[in-house]
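Worksheet: one structure, shown below.
Bear in mind these aren't lab numbers, they're just calculated from the coordinates by the rules spelled out. Note that this is a predicted model, so its numbers are computed, not measured. In this analysis, Cβ positions are derived from the backbone assuming ideal geometry, glycine residues included, and neighbour counts consider all displayed protein chains.
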Amino acid sequence: MRLLFILPAIGKKPGQKYIGTWKMEPLTISTLKALTPPAIETSFYDDRLELLPDLSDIDAAAIVVETYTAKRSYQLSDRLRAQGIKVILGGYHVMLAPTEARAAADSIVIGNAEMIWQTVMEDLLADRLRPEYTGQPAFSSVRPDRSIYRGKKYLPVGLVETGRGCIHDCEFCAITSAYHGRYHRRPIEDILSDISQHQSRYFFLVDDNLFADREHALALFRRLRDRQIKWAGQGTLMIGRDPELLQAMKESGCEILLIGFESLNDDNLTQMGKLHHLRKDRDDLVRAIHRAGIHIYATFVFGYDQDDEQTVAEALAFCQKHRIYTAAFNHLLPFPGTALYDRLKQTERLLFDKWWLADGYHYGELAFRPKKTTPEALARACYEARKQFNTLPWLWRRFWQVAKRSSPMLWLLFWVMNGSIGSEVSQKMNVPIGENLDELPK
């Protein structure tokens, strides 16, 4: 039995390479590889890096589907099934839109695969695949098998998972919908083992909210202190109120914290359900994180009912004032299965019933009508904010603050990271979803 793992790509412009910052190692693939029994011969096609290989000796394929890659996933599935290849679909999009995915596959896996993958593989070997399998939000002690990446080049940062889900209930968040507002922590010994087996000393700790379980996070950070690694992760602004946790983070090697500010407008924060960010001391919390020697990657989403060009400008000014390490000014996207999608559909504000499958939809476009401005104007405001934030004068102003509170290694990373993000601002705009992926260059 020969099984092909597939990671579909988002799309690319004709004649251009795939976006470089979208080429991180695919943790899901290496985890599935580790869970697959030796009786099944495996290979891996990364749609972001290469052209589809010869399929003549492939018996089955497992495709990891995200909402942005759903269109391409179904294209590939149709192509494989037409050649008699069994197709199994899984991933977060399948969790959020199982009925849609079921029509494009021989079998789907809803939820996390760790506790069910052995059964799926046994049924595949016995030629008795069920139409649907349901996994549970649980971790396996099996380490990801990164040998499946051999011959492929990814960004030089290792991905190690520390938890899944989030305790908050943000209206727009697909993770909230997938895990129903619950957080599932990974055992610390498994995290440490995973780190020790990775060749990199630079990591992104994959976790939608590192601080969802404070005691677990504190214990992890203390265990990481002697590992001599540098890492980035994702959490909330509330870490600024916890000096003990901040110190433990820094001592463990944390250099950059991704914080979803989402909005600076209280009405927007209330509407999206991000009540924990309704803060009068927002500036003080940012300063506390900076004083701890941790840099901030700030992300914003625009499209809630109080948003227009002015709120985008205010977010840009906030990031410039605090000399934020790097930032993302994104428009809101209604993901299937979220409360946001349901609300916009009920109020007839969606421009596409399923933007992720719509012909002619491009990355960077709004998929709904905002209240206070037009879709085109808001998309343009986000684009202009990204451009201005990454102009050379503002890069230099931010760099001097970075230099004061970090090592030379972070100085170099600042220029590499922001240089890549800045150079890709225009490249990412209007990338056609699911298109031009059967051609070089990649």
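Can you tell me how many residues in region 238-281 are more than 20 Å from residue 221 (Cβ to Cβ) and surrounded by fewer than 16 Cβ atoms within 10 Å (Cβ to Cβ)?
Step one: filter region 238-281 for residues more than 20 Å from residue 221 (Cβ to Cβ), giving 260-281.
With the extra rule that they be surrounded by fewer than 16 Cβ atoms within 10 Å (Cβ to Cβ), the set shrinks to 266-267, 270, 275-276, 278, 280-281.
Of the residues in that region, 8 qualify.
Among the residues of region 110-163, which ones are part of a strand (DSSP E or B) and under 17 Å from residue 29 (Cβ atoms)? Walk me through it before giving the result.
Kept after step one, since they are part of a strand (DSSP E or B), are these residues of region 110-163: 110, 132-134, 158-161, 163.
Within region 110-163, 158, 159, 160, 161 meet the criteria.
Filter region 129-167 down to the residues that are of a type in the set (D, E, K, R) and out of contact with any Asp or Glu (no Cβ under 9 Å at 6 or more places or on another chain) and list them by number.
Here is the first cut: in region 129-167, the residues of a type in the set (D, E, K, R) are 130, 132, 143, 145-146, 150, 152-153, 161, 164.
132, 145, 150, 153 - these are the residues of region 129-167 that are of a type in the set (D, E, K, R) and out of contact with any Asp or Glu (no Cβ under 9 Å at 6 or more places or on another chain).
Looking at the structure I just gave you, is residue 402 touching a strand residue (DSSP E or B) at 6+ places or on another chain (Cβ under 7 Å), surrounded by 15 or more Cβ atoms within 10 Å (Cβ to Cβ) and among the β-branched types (Val, Ile, Thr)?
Yes, satisfied.
Checking residue 56 against (1) in a loop (DSSP other than H, G, I, E, B); (2) of a type in the set (Gly, Ala, Ser); (3) touching a residue at least 60 places away in the same chain (Cβ under 8 Å), which single condition isn't satisfied?
(3)
Sort out which residues of region 118-141 are closer than 17 Å to residue 39 by Cα, surrounded by 13 or more Cβ atoms within 10 Å (Cβ to Cβ) and of a type in the set (A, V, I, L, M, F, W, C), and write them in order of number.
120, 121, 124, 125, 129, listed by residue number.
With the requirement that a residue be farther than 22 Å from residue 115 by Cβ and part of a loop (DSSP other than H, G, I, E, B), what does region 37-53 give you? Lay out the reasoning, then the answer.
Residues of region 37-53 that are farther than 22 Å from residue 115 by Cβ, as a first pass: 41, 43-53.
The answer is 47, 48, 49, 50, 51, 52, 53.
Mind listing whichever residues of region 260-280 are over 23 Å from the mean Cα position of the chain (by Cα) and free of Cβ contacts under 8 Å to residues at least 40 places away in the same chain?
266, 267, 270, 278, 280
Only one residue in 331, 295, 276, 362 is in contact with a strand residue (DSSP E or B) (Cβ under 7 Å, 6 or more places away or on another chain), under 20 Å from residue 169 (Cα atoms) and not hydrophobic (A, V, I, L, M, F, W, C). Which one? Working first, answer last.
Numbers: 295 fails: under 20 Å from residue 169 (Cα atoms); 276 fails: in contact with a strand residue (DSSP E or B) (Cβ under 7 Å, 6 or more places away or on another chain); 362 fails: under 20 Å from residue 169 (Cα atoms).
Exactly one residue qualifies, and that residue is 331.
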